[in-house]
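Reviewing the structure listed below.
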Ligand SMILES: *Cc1c(COP(=O)(O)O)cnc(C)c1O
């Protein structure tokens, strides 16, 4: 057939729709009609040649293709994945995984009316933050606390409240960028304050801050250098000294802790990460930190500190725009309650369980994974267990890596083409029903097993793995030519 007779052979949308009852039953008439029009437009433009046989337009093939499209369209966009990257708090993979008590609290809050902003005794309007404020003050020793959408919002509203149209002094060594979208200088500008940079990239002294204080100064600020470390000839000013200087000049001292923590991680043999309590004890007037980093809770921005300052923040009209919803408040309350019993935190909080997972337990998972993985990639890749290092992620402790065990896939022999194989294998693992995400390292595809709690989540999927080999893979070439 030539092109024109192809096009003439295509039935009308109405005719195709009248025989599409099964699809309409599953997806609804509007979606089916829309997707049909898109498919037919593509076909008229020369795509989908496989829809035609010598007898003309094959309706059964058309409905099969339509079903595939609609199924993909309606599948959940946000899906479960296996995070075997070795980064426990992976921002692109959703950061902290909530404990089940928090998930239950969220379910309750989302399927029922709640006393979110309602005083049950009095029968009148209440404050939504009161569900978590008591826990936050108890756990940090702060006078008062408030919560907003995330830590970026916490910094924004704190600066906007305390320092609009005035100056905030920050060390040049602390002008951080977190993942591109959050930069301290940009947030300052949006909060309406003027950033006054002091010191140099590697060294800032107390005198630098003192010299910069003037009539327009509104606050001194310290920012945790979350995702980088400056090493060598360096100097920073201790929080106690900065707090003392700020208070001598009747200024507030703000600390953005970034990840922040409520208990000392050294208790579990992990590297020290500053806690909100110790930062307040050093004299900070306001401390901001994230809910879904080391804290292991939902996305949230926590602000703790001086009662008068927290009250001013709560009166800022931005608070309404940045407030937390009832679901995350319920989850945060449940997670904070777990911190009341730090002895059991390792069992109750997934983030901490993974960060402190014993090496021999990870080794056990590796032993379970190895035979199935070797069988699945036999003849295509060499598989071995390797020592590797996990990261906490989300800007915590960038230089401290946690010893872990991974499985590594390595090309059988090095050739000119084999260098790109690990990337292509990574694609194949991401196409599994529960996509498996690893990392490329030293010419290998590595799956860090720290966060794999059950080896079967990986091994049971392996029969579906379609691993491309070095050189042309006949099956791959065939399926590519059909798709195009
Ligand atoms: C992560 C981080 C932020 C942003 O926190 P979000 O909760 O992601 O909004 C701000 N400041 C520092 C220092 C951080 O590490």
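Site pair residue 465 and residue 347 shows an inter-label distance of 3.5 nm when each label is modelled 7 Å from Cα along Cα→Cβ. Let me know the shape class of segment 3-74, please: from the alpha-carbon gyration tensor, a ≥ b ≥ c as square roots of the eigenvalues, rounded when a/c is under 1.5, otherwise prolate if a/b is greater than b/c, or oblate. The shape class here is prolate.
Its residue count N fixes a reference of 2.2 N^0.38 Å for segment 100-345, and the Cα radius of gyration divided by that reference is 1.02. Once you order the gyration tensor axes a ≥ b ≥ c over the Cα atoms, which shape class does segment 49-113 get: rounded for a/c under 1.5, otherwise prolate or oblate by comparing a/b with b/c? Oblate.
Estimated at 0.36 nm per residue, the fully extended path between residue 190 and residue 110 surpasses their Cα-Cα distance by 25.5 nm. Between segment 1-67 and segment 278-346, the alpha-carbon centres lie 54 Å apart. Helical content of the chain, expressed as a calculated mean residue ellipticity at 222 nm, amounts to -11500 deg cm²/dmol (DSSP H runs of 4 or more residues, -39,500 (n - 2.57) each, divided by residue number, nearest 500). Peptides 234-241, 280-287, 328-335, 169-176 ordered by packing proxy, namely the average of other Cβ atoms within 10 Å per residue, highest first: 328-335, 280-287, 169-176, 234-241. Under the definition of Cα pairs under 8 Å and six or more residues apart, what whole-number percent is the relative contact order of the chain? Across the chain, relative contact order equals 18 percent. Going by a ≥ b ≥ c, the root eigenvalues of the Cα gyration tensor, does segment 361-466 fall in the rounded group (a/c under 1.5), the prolate group (a/b larger than b/c) or the oblate group? Oblate, because a/c is 1.5 or more while a/b does not exceed b/c.
Throughout, read-outs are computed from the coordinates displayed, never taken from laboratory work. Nothing here was measured: the structure is a model prediction, and the numbers come from that model. Methodologically, a virtual Cβ is constructed for each residue, glycine included, from the backbone with ideal geometry; neighbour enumeration extends over all protein chains shown.
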